[in-house]
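The values are calculated or read from the model by the stated rules, or taken from the named source; none is laboratory data. Worth saying up front: this structure is predicted, and the values here are computed from it rather than measured. Here the Cβ positions follow ideal geometry from the backbone for every residue, glycine too, while neighbour counts run over all protein chains shown. Please note that ligands, DNA and RNA were not included when accessible areas were found on the heavy atoms of the full protein model with its side chains. Shrake-Rupley method; radii C 1.70, N 1.55, O 1.52, S 1.80 Å.
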Amino acid sequence: MYLIENLWPYAAIVATLFFTGIGLPPLPEEAGIAAAAIAAMHPEIHWWLAWPACIAGILGADLVLYAAGRLGRERLFHLRPIRGLLSDDQRSRIEAGFHRHGVWILLTARLLPGLRTAVFMVAGAARFPFARFILADGVFAVFGVGFFFFGTYFFAEAFRRWLQGVHEAQNWLMVLLLPSLLMVLAYRLIRYWRTRDVEKELEPPLLNRLPHLGHMSDRQTEDDQKTVPLSQSKALQ
(Lines give C-alpha, C1' and ligand atoms only; values in the text may rest on other atoms or scores of the structure.)
Protein backbone atom coordinates (compact mmCIF):
# COMPACT_ATOMS: atom_id res chain seq x y z
CA MET A 1 0.00 0.00 0.00
CA TYR A 2 2.81 2.37 0.87
CA LEU A 3 4.58 1.57 -2.41
CA ILE A 4 1.41 2.23 -4.44
CA GLU A 5 0.77 5.55 -2.70
CA ASN A 6 4.33 6.69 -3.47
CA LEU A 7 4.55 5.44 -7.06
CA TRP A 8 1.18 6.47 -8.46
CA PRO A 9 2.28 10.07 -9.34
CA TYR A 10 5.11 8.71 -11.48
CA ALA A 11 2.79 6.15 -13.08
CA ALA A 12 0.41 9.01 -13.89
CA ILE A 13 3.27 10.94 -15.55
CA VAL A 14 4.20 7.89 -17.65
CA ALA A 15 0.57 7.32 -18.68
CA THR A 16 0.00 10.99 -19.54
CA LEU A 17 3.04 11.25 -21.80
CA PHE A 18 2.36 7.85 -23.33
CA PHE A 19 -1.19 8.68 -24.39
CA THR A 20 -0.35 12.19 -25.58
CA GLY A 21 2.57 10.63 -27.49
CA ILE A 22 0.29 8.33 -29.47
CA GLY A 23 -2.15 11.18 -30.07
CA LEU A 24 -4.81 10.63 -27.39
CA PRO A 25 -5.41 13.54 -27.06
CA PRO A 26 -3.33 15.26 -29.76
CA LEU A 27 -1.38 17.57 -27.44
CA PRO A 28 2.30 18.55 -27.60
CA GLU A 29 4.42 16.40 -25.34
CA GLU A 30 6.06 19.56 -23.99
CA ALA A 31 2.82 20.31 -22.14
CA GLY A 32 3.01 16.97 -20.32
CA ILE A 33 6.69 17.51 -19.51
CA ALA A 34 5.96 20.97 -18.12
CA ALA A 35 3.10 19.57 -16.02
CA ALA A 36 5.41 16.88 -14.63
CA ALA A 37 8.06 19.48 -13.78
CA ILE A 38 5.53 21.62 -11.93
CA ALA A 39 4.29 18.53 -10.08
CA ALA A 40 7.89 17.77 -9.07
CA MET A 41 7.93 21.02 -7.10
CA HIS A 42 5.67 19.30 -4.59
CA PRO A 43 7.75 17.95 -1.69
CA GLU A 44 6.27 14.47 -2.01
CA ILE A 45 7.29 14.11 -5.68
CA HIS A 46 11.00 13.77 -6.47
CA TRP A 47 12.40 15.30 -9.63
CA TRP A 48 14.89 12.46 -10.03
CA LEU A 49 11.94 10.09 -10.48
CA ALA A 50 9.63 12.42 -12.39
CA TRP A 51 12.25 13.05 -15.09
CA PRO A 52 12.81 9.32 -15.89
CA ALA A 53 9.02 8.87 -15.83
CA CYS A 54 8.74 11.47 -18.62
CA ILE A 55 11.42 9.67 -20.62
CA ALA A 56 9.71 6.32 -20.12
CA GLY A 57 6.33 7.65 -21.28
CA ILE A 58 7.76 9.29 -24.40
CA LEU A 59 9.95 6.33 -25.40
CA GLY A 60 7.08 3.92 -24.81
CA ALA A 61 4.75 5.88 -27.12
CA ASP A 62 7.41 6.17 -29.82
CA LEU A 63 8.20 2.45 -29.74
CA VAL A 64 4.50 1.52 -29.90
CA LEU A 65 3.97 3.74 -32.96
CA TYR A 66 7.09 2.42 -34.64
CA ALA A 67 6.11 -1.19 -33.94
CA ALA A 68 2.54 -0.58 -35.17
CA GLY A 69 3.87 0.77 -38.47
CA ARG A 70 6.43 -1.98 -38.85
CA LEU A 71 4.01 -4.81 -38.11
CA GLY A 72 0.89 -3.36 -39.65
CA ARG A 73 2.43 -2.12 -42.88
CA GLU A 74 -0.23 -1.56 -45.55
CA ARG A 75 -3.11 -2.95 -43.51
CA LEU A 76 -2.56 -0.32 -40.84
CA PHE A 77 -2.86 2.57 -43.28
CA HIS A 78 -6.10 1.23 -44.72
CA LEU A 79 -7.87 1.51 -41.38
CA ARG A 80 -10.44 4.30 -41.31
CA PRO A 81 -9.02 6.20 -38.29
CA ILE A 82 -5.52 6.13 -39.80
CA ARG A 83 -6.77 7.20 -43.22
CA GLY A 84 -8.48 10.17 -41.58
CA LEU A 85 -5.17 11.03 -39.92
CA LEU A 86 -2.85 10.38 -42.85
CA SER A 87 -3.63 10.40 -46.57
CA ASP A 88 -1.68 8.42 -49.16
CA ASP A 89 -0.11 11.60 -50.51
CA GLN A 90 1.09 12.65 -47.06
CA ARG A 91 2.48 9.19 -46.43
CA SER A 92 4.44 9.29 -49.69
CA ARG A 93 5.92 12.68 -48.82
CA ILE A 94 6.93 11.52 -45.33
CA GLU A 95 8.63 8.41 -46.74
CA ALA A 96 10.50 10.59 -49.26
CA GLY A 97 11.53 12.84 -46.40
CA PHE A 98 13.00 9.87 -44.53
CA HIS A 99 15.12 8.99 -47.55
CA ARG A 100 16.36 12.59 -47.90
CA HIS A 101 16.66 13.79 -44.29
CA GLY A 102 16.54 10.67 -42.14
CA VAL A 103 16.70 11.38 -38.42
CA TRP A 104 15.83 15.08 -38.81
CA ILE A 105 12.30 14.12 -39.82
CA LEU A 106 11.85 12.40 -36.44
CA LEU A 107 13.16 15.41 -34.54
CA THR A 108 11.05 18.02 -36.34
CA ALA A 109 7.92 15.84 -36.21
CA ARG A 110 7.89 16.12 -32.42
CA LEU A 111 6.92 19.75 -32.67
CA LEU A 112 3.72 18.90 -34.56
CA PRO A 113 1.35 16.79 -32.40
CA GLY A 114 -0.95 15.74 -35.26
CA LEU A 115 1.90 14.85 -37.63
CA ARG A 116 4.04 13.23 -34.96
CA THR A 117 1.86 10.12 -34.68
CA ALA A 118 1.83 9.61 -38.43
CA VAL A 119 5.59 10.15 -38.85
CA PHE A 120 6.52 7.53 -36.27
CA MET A 121 4.15 4.97 -37.82
CA VAL A 122 5.52 5.71 -41.28
CA ALA A 123 9.05 5.26 -39.91
CA GLY A 124 8.15 1.72 -38.92
CA ALA A 125 6.29 0.98 -42.14
CA ALA A 126 9.19 2.34 -44.23
CA ARG A 127 11.60 0.02 -42.36
CA PHE A 128 13.63 2.91 -41.03
CA PRO A 129 16.62 1.30 -39.24
CA PHE A 130 15.62 0.53 -35.68
CA ALA A 131 19.11 1.28 -34.31
CA ARG A 132 19.07 4.79 -35.77
CA PHE A 133 15.49 5.24 -34.64
CA ILE A 134 16.13 4.27 -31.03
CA LEU A 135 19.40 6.28 -30.96
CA ALA A 136 17.73 9.47 -32.17
CA ASP A 137 14.76 8.89 -29.91
CA GLY A 138 16.94 8.20 -26.89
CA VAL A 139 19.11 11.26 -27.45
CA PHE A 140 16.05 13.48 -27.66
CA ALA A 141 14.43 11.76 -24.69
CA VAL A 142 17.43 12.41 -22.48
CA PHE A 143 18.46 15.89 -23.60
CA GLY A 144 15.22 17.26 -25.03
CA VAL A 145 13.07 16.10 -22.14
CA GLY A 146 15.73 17.27 -19.71
CA PHE A 147 15.77 20.72 -21.32
CA PHE A 148 12.01 21.18 -21.10
CA PHE A 149 11.73 19.50 -17.69
CA PHE A 150 14.46 21.39 -15.86
CA GLY A 151 13.76 24.62 -17.72
CA THR A 152 10.18 24.53 -16.52
CA TYR A 153 11.23 23.34 -13.06
CA PHE A 154 13.69 26.18 -12.41
CA PHE A 155 11.48 28.77 -14.09
CA ALA A 156 8.50 27.74 -11.97
CA GLU A 157 10.66 27.75 -8.85
CA ALA A 158 11.94 31.24 -9.66
CA PHE A 159 8.40 32.38 -10.37
CA ARG A 160 7.23 30.92 -7.04
CA ARG A 161 10.00 32.73 -5.17
CA TRP A 162 9.13 35.94 -6.98
CA LEU A 163 5.50 35.59 -5.92
CA GLN A 164 6.61 34.87 -2.38
CA GLY A 165 8.77 38.00 -2.45
CA VAL A 166 5.85 40.05 -3.75
CA HIS A 167 3.65 38.66 -0.99
CA GLU A 168 6.23 39.56 1.67
CA ALA A 169 6.63 43.03 0.18
CA GLN A 170 2.86 43.49 0.33
CA ASN A 171 2.88 42.51 3.99
CA TRP A 172 5.64 45.00 4.79
CA LEU A 173 3.87 47.65 2.76
CA MET A 174 0.70 47.11 4.77
CA VAL A 175 2.67 47.30 8.01
CA LEU A 176 4.14 50.64 6.92
CA LEU A 177 1.01 52.11 5.38
CA LEU A 178 -1.53 51.13 8.03
CA PRO A 179 -0.18 53.46 10.76
CA SER A 180 0.07 56.28 8.20
CA LEU A 181 -3.52 55.78 7.14
CA LEU A 182 -4.67 55.72 10.75
CA MET A 183 -2.80 58.96 11.45
CA VAL A 184 -4.37 60.65 8.41
CA LEU A 185 -7.85 59.52 9.46
CA ALA A 186 -7.29 60.73 13.03
CA TYR A 187 -6.06 64.11 11.75
CA ARG A 188 -9.11 64.44 9.50
CA LEU A 189 -11.51 63.61 12.36
CA ILE A 190 -9.86 66.04 14.80
CA ARG A 191 -9.88 68.77 12.18
CA TYR A 192 -13.54 68.11 11.43
CA TRP A 193 -14.54 68.27 15.11
CA ARG A 194 -12.59 71.51 15.69
CA THR A 195 -14.11 73.13 12.62
CA ARG A 196 -17.60 72.18 13.76
CA ASP A 197 -17.03 73.65 17.26
CA VAL A 198 -15.77 76.93 15.80
CA GLU A 199 -18.78 77.17 13.51
CA LYS A 200 -21.09 76.69 16.49
CA GLU A 201 -19.40 79.55 18.40
CA LEU A 202 -19.79 81.90 15.43
CA GLU A 203 -23.45 81.08 14.77
CA PRO A 204 -25.72 84.25 14.76
CA PRO A 205 -28.84 84.48 16.98
CA LEU A 206 -31.92 82.58 16.01
CA LEU A 207 -33.73 85.62 14.60
CA ASN A 208 -30.81 86.47 12.38
CA ARG A 209 -30.66 82.90 11.15
CA LEU A 210 -34.42 83.10 10.34
CA PRO A 211 -35.03 86.53 8.81
CA HIS A 212 -38.76 86.01 8.29
CA LEU A 213 -39.25 85.80 12.06
CA GLY A 214 -37.58 89.18 12.47
CA HIS A 215 -39.91 90.74 9.89
CA MET A 216 -42.91 89.25 11.64
CA SER A 217 -41.89 90.82 14.98
CA ASP A 218 -41.47 94.27 13.35
CA ARG A 219 -44.91 94.04 11.77
CA GLN A 220 -46.46 93.01 15.09
CA THR A 221 -44.97 96.10 16.78
CA GLU A 222 -46.41 98.37 14.08
CA ASP A 223 -49.82 96.69 14.46
CA ASP A 224 -49.70 97.16 18.23
CA GLN A 225 -49.02 100.86 17.78
CA LYS A 226 -51.94 101.17 15.36
CA THR A 227 -54.32 99.47 17.78
CA VAL A 228 -53.56 101.73 20.75
CA PRO A 229 -56.87 103.08 22.18
CA LEU A 230 -57.94 106.54 21.00
CA SER A 231 -57.99 107.88 24.55
CA GLN A 232 -54.40 106.80 25.12
CA SER A 233 -53.34 108.36 21.83
CA LYS A 234 -55.01 111.63 22.74
CA ALA A 235 -53.39 111.58 26.15
CA LEU A 236 -50.09 111.01 24.55
CA GLN A 237 -50.71 113.98 22.31
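Any residue at all in the range 10-30 that is modelled with pLDDT of 90 or more, in contact with a helix residue (DSSP H, G or I) (Cβ under 6 Å, 6 or more places away or on another chain) and of a type in the set (Gly, Ala, Ser)? Write out each step before concluding.
Step one: list which residues in the range 10-30 are modelled with pLDDT of 90 or more, which gives 10-19.
Subset that is in contact with a helix residue (DSSP H, G or I) (Cβ under 6 Å, 6 or more places away or on another chain): 10, 13-14, 16-18.
When the remaining residues are screened for being of a type in the set (Gly, Ala, Ser), the result is none.
The answer is no; no qualifying residue exists.
State all residues of the range 68-102 that are open to solvent by less than 40 Å² (accessible area, probe 1.4 Å) and either free of Cβ contacts under 8 Å to residues at least 12 places away in the same chain or assigned to a helix (DSSP H, G or I) (or both); if no residue qualifies, say none.
Looking only at the range 68-102, we keep the residues that are open to solvent by less than 40 Å² (accessible area, probe 1.4 Å), and these are 68-69, 72, 76-77, 82, 86, 91, 94, 96-98, 102.
Once the filter is applied, which keeps residues that are open to solvent by less than 40 Å² (accessible area, probe 1.4 Å) and either free of Cβ contacts under 8 Å to residues at least 12 places away in the same chain or assigned to a helix (DSSP H, G or I) (or both), the range 68-102 yields ALA68, GLY69, GLY72, LEU76, PHE77, ILE82, ARG91, ILE94, ALA96, GLY97, PHE98.
Please go through the range 34-66 and pick out each residue that is open to solvent by 40 Å² or more (accessible area, probe 1.4 Å) and part of a helix (DSSP H, G or I). Break it down stepwise before answering.
To start, the set of residues in the range 34-66 that are open to solvent by 40 Å² or more (accessible area, probe 1.4 Å) comprises 35, 38, 41-44, 46-49, 51-52, 56, 59, 63-64.
Of everything in the range 34-66, those that are open to solvent by 40 Å² or more (accessible area, probe 1.4 Å) and part of a helix (DSSP H, G or I) turn out to be ALA35, ILE38, TRP47, TRP48, LEU49, TRP51, PRO52, ALA56, LEU59, LEU63, VAL64.
Looking at ALA156, is it assigned to a helix (DSSP H, G or I), modelled with pLDDT under 70 and among the small types (Gly, Ala, Ser)? Working first, answer last.
Details: assigned to a helix (DSSP H, G or I): yes; modelled with pLDDT under 70: no; among the small types (Gly, Ala, Ser): yes.
So ALA156 fails the test.
Can you tell which of PHE130, PHE120, PHE143 is open to solvent by less than 10 Å² (accessible area, probe 1.4 Å) and among the aromatic types (Phe, Trp, Tyr)? Explain how you work it out, then say what you get.
Details: PHE130 fails: open to solvent by less than 10 Å² (accessible area, probe 1.4 Å); PHE143 fails: open to solvent by less than 10 Å² (accessible area, probe 1.4 Å).
Result: PHE120 is the single residue among PHE130, PHE120, PHE143 that is open to solvent by less than 10 Å² (accessible area, probe 1.4 Å) and among the aromatic types (Phe, Trp, Tyr).
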